[in-house]
Amino acid sequence: MRKNILSLQVTKYATATLLTGLNLLAFGGSFTPAQSTQQLFCKGRMNNGWNYTAEYLNGRFTQIRWERSGQPPQVSRLTFYRTNPQGEPVYRGSFQAATLVTLVDLSRGDVRRGSQISVGVEEWGWSRGTCGTSSGGGTSGTGSSVPIATVRRNLIGVNQVQARKWLRNNNFVFIRTVQHNNIRVIERWNQTDNRSQAIDVTITRGTVTKVVEAG
């Protein structure tokens, strides 16, 4: 009788140990570590020569760093202001604690590589920036290659002056004129951090009508 009781106790202990082990395995299998920090840098250039880098960290824009040749760097701390009627988050800050700075997240909160922002400063006007994964180091542009879909979205239908300005602001350099006549011009541009891939921009009667990867 005593042997049977002892055997039953051992069986119960083994069963409990097995269940505990299975529970630990199940818990371990379902446990996932916290996601790594998401950090992007959206870069552009104002018409007056100030380059800016807006930092996106863990789901929100936190600051804009301003740089210009011959001037000390400036930082504008950003706070969320509101969501505009288009569903785009709007952030506000100030330049040198005096001039209003506004950042509009054109991705509607889905910020990723190639996303666009619009930055406005009182008396300076507005500029568009493009997001990438590198902070760069004081130069304008994305700090990473801009997808051709983003280039098309920003250039097609835009006049040639604004188109060339956008390209330069996003680290593109003019290579050469591929074709030129009284109606149409095709220009080849290359991104400074991705020299292996060039694009051809077609300008018809002063307006961009086509953007393709150079063959």
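Assorted remarks:
- Strands (runs of 3 or more DSSP E) enclosed by the stretch 61-120 - at least 3 residues per element that are modelled with pLDDT of 95 or more and within 21 Å of Trp166 (Cβ to Cβ): 99-105
- Unmet criterion (only one of (1) at pLDDT below 85; (2) within 25 Å of Tyr52 (Cβ to Cβ); (3) among the aliphatic types (A, V, I, L, M)) for Ile175: (2)
- Inspection of the stretch 181-201 identifies at least one residue that is under 25 Å from Gly49 (Cβ atoms), modelled with pLDDT of 90 or more, charged (D, E, K, R) and not assigned by TED's automatic domain parsing to the domain that holds Phe41.
- Residue list for the stretch 155-194, restricted to those being in contact with a strand residue (DSSP E or B) (Cβ under 8 Å, 6 or more places away or on another chain) and of a type in the set (Asp, Glu): Glu187
The values are calculated or read from the model by the stated rules, or taken from the named source; none is laboratory data. This structure is a prediction, so every number in the text was calculated from the model and none was measured. Cβ coordinates were reconstructed from backbone atoms using ideal geometry, including for glycine residues, and neighbour counts include every protein chain displayed.
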